[in-house]
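Novice: Shown below is the structure under consideration.
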Amino acid sequence: MVITNAGHNNPNVKGLVYVAAFGPQEGQSLGTFVDPSKFPKDFLMPDKAGLAYINPKLFHDWFAQDVNPTRADVMAVVQKPFNLSIFTEKSGPPAWKQVPTWYQVSENDRMIPPAVEHMFAKQMNATTISLPASHASLESHPNEIAQLILNATRGSSSVGK
């Protein structure tokens, strides 16, 4: 959601690449698409400041199930917290209405339902690739993601070139 808002009316932004990410319309929150209460018990570990981590014991199976377990353990340890308010905070005007957009759908995502990712890609009119990936597709499919980013820098809709 960060690039959705930060890129709006920014003349330096020429295109956007979403990797298994949220791309809401103005006024929508992440809670419109994901209900944190649907995650397993103790999945999110909030602290007193309202920041949350994904429980390291559940990280691999729910966030990165197609990543080497040792690597997923490292990812779990170095993860950055997020504020639980992200589920209620409303999105501002989306930059994807102004610039070309590329989107990678993770078909095995357990964080964002794949149907929601497809919906985002369609509403953005994004050049889209789908991968048999978890939410951690940057880790499990680095070559395909790198190619998508390279295509975006060239303004290309070609996936394999």
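The values are calculated or read from the model by the stated rules, or taken from the named source; none is laboratory data. Quick caveat, the model's predicted, so the values are computed rather than measured. Note: ideal-geometry Cβ built from the backbone for every residue, glycine included; neighbour counts use all protein chains shown. These accessible areas exclude ligands, DNA and RNA; they are computed on the full protein's heavy atoms, side chains included. Shrake-Rupley method; radii C 1.70, N 1.55, O 1.52, S 1.80 Å.
Novice: In Å², and per residue, what accessible area does the chain have when probed at 1.4 Å with the other protein chains present?
Specialist: Values: 8770 Å² over 161 residues.
Accessible area per residue, the chain: 54 Å².
Novice: Can I ask one more? Accessible area of the chain with a 1.4 Å probe: how many percent of it is carbon plus sulfur? The partial results should precede the final answer.
Specialist: Values: 5010 of 8770 Å².
The C+S portion of the solvent-accessible surface of the chain is 57 percent.
Novice: Which entry is the computed mean projected area of the Cα convex hull in nm² for this structure: (1) 12.5; (2) 9.5; (3) 11.7?
Specialist: Working out mean projected area of the Cα convex hull in nm² from the coordinates points to (2).
Novice: While we're on this one: Report the calculated FRET efficiency for LEU51 and ASN10 (r = Cβ-Cβ distance, R0 = 25 Å), to the nearest 0.05.
Specialist: Working from the Cβ atoms, E equals 0.35.
Novice: If you rank ARG71, ARG154 by how much accessible surface each has, with a 1.4 Å probe, what is the order from largest down?
Specialist: Ranking ARG71, ARG154 by accessible area, largest first, yields ARG154, ARG71.
Novice: So, in nm, how far is label PHE39 from label THR70 when the simple model puts each one 7 Å beyond its Cα toward the Cβ?
Specialist: 2.7 nm
Novice: Can you list residues whose amide H is under 5 Å from GLU89's amide H, if they're 5+ apart or on another chain and H is modeled 1.01 Å from N?
Specialist: For GLU89, the qualifying residues are LEU30.
Novice: Could you grab the relative contact order for the chain? Cα pairs under 8 Å, six or more apart, rounded to a whole percent.
Specialist: 31 percent
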